[in-house]
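J.: One structure coming up, written as structure tokens, with questions to follow.
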Amino acid sequence: MSDRDLPEGESPPSASGASADWKARPGPQQRRYARAAVDLTVRMGFGNVQQFLDATAEDLSVGGMFLRSEHAGPGGQIREIGQLIAIQFDAGARRVVEGVGRVVRVITPDQPGVVPGVAIEFVELDDQSRALIEAIVAIKLARTSE
């Protein structure tokens, strides 16, 4: 998408992330990274509250992931675009991915025909976690193209 394709007054996503309004707007999918189908249990932490929830990641890219969760929406823990969530998941062989993600889309359980959950964009990953995600995505995508 070029700047000319955006509505007046809006800007495209930057390297640090798009505005919440731009990403949350319905319409054609805006993908910057290839996504790989996964089935990972992800532990989520919320701000200064010592509460953790587990969700299932359905897809993963080097830019973020979609987490299937019934906790999305007004009554749940994940309810706001822009909300920061600590994430952690096992990448196998005693390697753990840890970081912080920003909610860029919320799909509530009351929306018919869609899987409830949240799309998150990675905003903070250490080098090891980023490398593990890149490896997981590359391996999964290679398997699907065979």
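J.: What number of residues in the range 109-140 are in contact (Cβ under 8 Å) with a residue 24 or more places away in the chain, over 18 Å from D39 (Cα atoms) and among the acidic types (D, E)?
T.: 3
J.: Counting only residues that are assigned to a helix (DSSP H, G or I) and of a type in the set (D, E), which one in the range 103-146 is farthest from the chain's Cα centre (by Cα)?
T.: Once the filter is applied, the top-ranked residue is D127.
J.: What number of residues in the range 67-102 are in a loop (DSSP other than H, G, I, E, B) and either at pLDDT 85 or above or within 24 Å of A36 (Cβ to Cβ) (or both)?
T.: 11
J.: Follow-up. Any idea which residue in the range 78-92 is surrounded by the fewest Cβ atoms within 10 Å (Cβ to Cβ), counting only those that are within 13 Å of the chain's Cα centre (by Cα) and farther than 17 Å from F52 by Cβ?
T.: Here the answer is G82.
The values are calculated or read from the model by the stated rules, or taken from the named source; none is laboratory data. Note that the structure is a prediction, hence the values are computed from the model and not measured. Glycine also receives a Cβ, built like all others from the backbone with ideal geometry; neighbour counts cover every protein chain displayed.
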